[in-house]
Structure formats: C-alpha cells, structure tokens
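Novice: Sharing a structure, written as structure tokens. Questions coming.
The values are calculated or read from the model by the stated rules, or taken from the named source; none is laboratory data. Source: prediction; values computed, not measured. Every residue, glycine as well, gets a Cβ built from its backbone with ideal geometry; the counts of neighbours run over all protein chains shown. Please note that ligands, DNA and RNA were not included when accessible areas were found on the heavy atoms of the full protein model with its side chains. Shrake-Rupley method; radii C 1.70, N 1.55, O 1.52, S 1.80 Å.
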Amino acid sequence: MKLYTALLIILILSLTNINCTSQKKLEYKNNDLTLKQTKTIEKIELREQTRGTNRIFTFEPLSSSISLNGNVNKTELSPAAWKSIADQASLIDLSKISMFEAPTTGRYSDSALSSTIIITSAGKTYESSSFDAGIPPKELEGLYQLLKGKSQIIKKK
C-alpha cells in the first residue's frame with residue numbers, strides 16, 4: 001500500500017511539473033511574439049531625387065512634412081493615419097530592408113527619380129536600397145503606396 005501511495009504521489013508531482021513547464025514555454029513564446037509585434041516605429045522617410053529634384057516625405061507620430069528642393073511644408077498627422085503607416089512598416093523585416101532588390105533601373109539614367117525609404121525604429125535607422133520612384137521592391141510596395149497616398153494629402157493642404 002505504501003508503494004502504491006508513493007507511486008501515486010510521484011505521478012502527481014511529475015504531471016504537475018510537466019504542466020508548469022509547458023505553460024512557461026507558452027508564456028515565453030507569447031511574450032516574444034508580442035515584443036516583435038510592438039516594435040516602435042519612430043519616423044519614416046521617403047526620399048525621391050534626381051539631378052534637379054529632391055523630395056523628402058517625412059512621417060512622424062504627430063506630424064508629416066514634404067521638403068521639395070529645400071522648401072518644407074509641414075502638417076499634422078492624425079493618430080489613425082500614423083497607426084496605419086506604422087503598422088504597415090512593422091510588417092517589414094527591417095534588418096533585411098537594405099537587401100530588397102529593385103525591379104527596374106531607370107534611376108541609373110535619370111529616367112526615374114531614385115527613391116529610398118528610411119525607417120527609424122527603437123533609435124536605430126534602417127535604409128532601403130534605392131529603387132525607381134513608383135516601382136518599389138515587392139517587400140516595400142504596401143508601405144510605399146501608403147506613404148505616397150498620404151503625401152498627396154499633404155501636397156493638397
């Protein structure tokens with residue numbers, strides 16, 4: 001009887017320990033996933049330039065601006081607009097942004113503006129490789145279209 005009771009106690013303790021260990025692993029995975037999803041995007045710039053034109057579209061949590069050949073037009077950015085931009089940017093693997101290949105090369109002969117996207121996240125700056133304006137790498141297409149759409153709103157103000 002004592003042997004049966006001892007085995008039962010060992011079995012209960014073993015099952016309790018296994019259950020706690022699996023919960024800890026699950027909590028760790030969930031926390032890691034949450035950290036990746038909430039990385040802080042502080043600023044996003046879209047730069048387009050060629051020999052005669054230099055445009056910089058800057059988006060920050062409370063404001064956005066367009067600089068055209070040094071003339072700056074600054075305006076407020078709604079929290080909803082910033083959230084949509086930051087959410088789109090957070091889908092990009094920032095550590096690989098400089099390796100995304102441009103699909104075309106018109107910028108080499110000035111037949112297209114040379115564009116880059118610069119994202120500042122958690123104090124670190126990530127810059128894409130250059131690409132032709134209007135034809136970003138497929139990994140940046142969603143963000144590029146969103147930034148261009150928001151920049152058209154700034155131009156109209």
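Novice: Suppose we filter the stretch 98-113 for residues that are in contact with a helix residue (DSSP H, G or I) (Cβ under 8 Å, 6 or more places away or on another chain), open to solvent by 30 Å² or more (accessible area, probe 1.4 Å) and of a type outside the set (A, V, I, L, M); how many remain?
Specialist: Counting residues in the stretch 98-113 that are in contact with a helix residue (DSSP H, G or I) (Cβ under 8 Å, 6 or more places away or on another chain), open to solvent by 30 Å² or more (accessible area, probe 1.4 Å) and of a type outside the set (A, V, I, L, M) gives 1.
Novice: Just wondering, is there one or more residues in the stretch 130-139 that are open to solvent by 70 Å² or more (accessible area, probe 1.4 Å), acidic (Asp, Glu) and without any contact (Cβ under 8 Å) to a residue 12 or more places away in the chain?
Specialist: no
Novice: So which residues in the stretch 62-93 are free of Cβ contacts under 8 Å to residues at least 40 places away in the same chain, under 17 Å from ARG47 (Cβ atoms) and aliphatic (A, V, I, L, M)?
Specialist: Correct list: LEU68, VAL72.
Novice: Condition first: aliphatic (A, V, I, L, M) and modelled with pLDDT under 95. Now tell me which residues in the stretch 119-132 satisfy that.
Specialist: Selection gives ALA122 alone.
Novice: Take the conditions hydroxyl-bearing (Ser, Thr, Tyr), more than 11 Å from the chain's Cα centre (by Cα), surrounded by fewer than 13 Cβ atoms within 10 Å (Cβ to Cβ) and modelled with pLDDT of 95 or more and apply them to THR116. Does it pass?
Specialist: no
Quick grid of which residues meet (1) over 23 Å from SER121 (Cβ atoms); (2) at pLDDT 50 or above; (3) open to solvent by less than 90 Å² (accessible area, probe 1.4 Å); (4) hydroxyl-bearing (Ser, Thr, Tyr):
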residue	(1), (2), (3), (4)
ASN19	yes, yes, yes, no
LEU26	yes, no, no, no
LYS29	no, no, no, no
LYS36	no, no, no, no
THR40	no, yes, yes, yes
GLU45	no, yes, yes, no
ARG51	yes, yes, no, no
PHE59	no, yes, yes, no
SER65	no, yes, yes, yes
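Novice: The conditions are (1) of a type in the set (D, E, K, R); (2) surrounded by fewer than 10 Cβ atoms within 10 Å (Cβ to Cβ); (3) at pLDDT 90 or above, and LYS2 fails exactly one of them. Which is it?
Specialist: (3)
Novice: Please go through the stretch 121-138 and pick out each residue that is closer than 21 Å to GLU60 by Cα and outside any loop (DSSP other than H, G, I, E, B).
Specialist: Of everything in the stretch 121-138, those that are closer than 21 Å to GLU60 by Cα and outside any loop (DSSP other than H, G, I, E, B) turn out to be SER121, LYS124, THR125, TYR126, GLU127.
Novice: What about SER95, is it part of a strand (DSSP E or B) and surrounded by fewer than 17 Cβ atoms within 10 Å (Cβ to Cβ)?
Specialist: No.
Novice: What are the pairs with Cβ atoms under 6 angstrom where one residue, in the stretch 106-124, is more than 21 Å from GLU42 (Cβ to Cβ) and the other, located anywhere, is in a helix (DSSP H, G or I) and among the charged types (D, E, K, R)? Sequence gap at least six, or different chains.
Specialist: SER114/ARG107
Novice: Turning to a different aspect of this structure: (1) over 21 Å from THR50 (Cβ atoms); (2) in a helix (DSSP H, G or I); (3) open to solvent by 40 Å² or more (accessible area, probe 1.4 Å); (4) free of Cβ contacts under 8 Å to residues at least 12 places away in the same chain: which one isn't true of GLY149, the others all being true?
Specialist: The one condition GLY149 does not meet is (3).
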